[in-house]
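These notes concern the structure reproduced below.
Since every read-out is calculated from the coordinates, none of them should be taken as a lab result. Keep in mind that what you see is a predicted model, and the values were worked out from it rather than measured. Cβ coordinates were reconstructed from backbone atoms using ideal geometry, including for glycine residues, and neighbour counts include every protein chain displayed.
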């Protein structure tokens, strides 16, 4: 039975942490792969039952049974094939657990028959490092026999990105995947995924494509990188707030979403884009507060073309067309818990879309100094918009898009 697993269509997952476990759940539900090989890199608990409890339960989303069947009371079919390996079958999908190797190069993906690996550790995010350096790195997965490796985190590197590595978000630039060239793929972050799907409809529409500047703040749920209680900062720590209790504070933080967005939507480089993060003590679902200033025009009645109605119409059409299933247009008055488990990259809170239009004046002296001697002052209308987008930063938004990216890459690779 174990030997036959090598002949099946398999997905490898490195780490059984937050994203790794939820990716396992999602792939079991999608049934795109016939088997999943999960590398934990160590023993979990005291025995096999402890491992099964980790796989089956989640404090945020409940049990795998509830994820698959809601409140029907039906339980997922779980069959223990071999507790010693261990090898189990969940809803007809084989799941094998590896527990010995922590360095990617030591995980024998070739022997397991795994061609596509998702690294969910968050530790191996520099595609410029090779195994020859002696450091554990993402390229180790390729050396261990995988054909492609996807990281569930943004790349972080000091030099230019290698030609065989690329950042991709499903529904944004995944069609750029070249199986002959791209071997290491970053699936960016949860925030970048949601933000990209908010920006795409604006950039695709001629009336809103002329953006002067933009900024976003993500009101972000807690993550495992934060301290449960106050702790002592590490040596040379530049941000002391990361060591403060996640349970008791609203914490100002940073995000690399704007930089990562440029990698999947190059036109963003022409826009002055700023991004920051505010961590709050909730367990999932975050909110993007997107502020955009548009170069706009006035219609025949002197009204600005870019308006609240136009923006909501653009998002509504995107949700019914090219981004269907990835962008949801909601006119309800939502709170964060309403979006837990929502399978979409982002949900637009249309009720809170707002615009204001003003005029930027250019004195005639300023124009003349630039070679535009108009003899009079000119003014240009600009519209500032505020748009809100919800995203389940774990299972619903990010893992959903990550799963679809995995499946696409597998289809185009094998």
Give the whole-number value, in cubic angstrom per residue, of the convex hull volume spanned by the C-alpha atoms of the range 160-271. 148
Note on the range 191-393: the mean projected area of its alpha-carbon convex hull, in nm², is 14.9
Mind jotting down the distance between the C-alpha centroids of the range 179-234 and the range 299-374, whole Å? 18
Return the percentage of antiparallel bridges among DSSP beta bridges fully within the range 2-162, rounded to the nearest 5 %. 35
For the chain, just the Cα set please: Rg and Dmax, both in angstrom. 23.7, 86
Cα-based Rg / Dmax (Å) for the range 13-84: 12.3, 35
Per principal axis, descending, Cα span of the range 240-331 in whole Å: 55, 29, 27
In Å, what Kirkwood hydrodynamic radius results for the range 1-149 from the alpha-carbon pair distances? 15.8
Per-residue Cβ neighbour rank within 10 angstrom, fewest leading, 120, 40: 40, 120
Would you calculate the volume per residue, in Å³, of the smallest convex hull containing every Cα atom of the range 65-189? 147
Based solely on its DSSP helices, what 222 nm [θ] is calculated for the chain when runs of n ≥ 4 H residues each add -39,500 (n - 2.57) and the sum is averaged over all residues, nearest 500 deg cm²/dmol? -6500 deg cm²/dmol
Rounded to the nearest 5, what is the percent of antiparallel bridges among the DSSP beta bridges in the range 191-393? 70
Roughly what % of DSSP beta bridges within the chain run antiparallel, to the nearest 5? 55
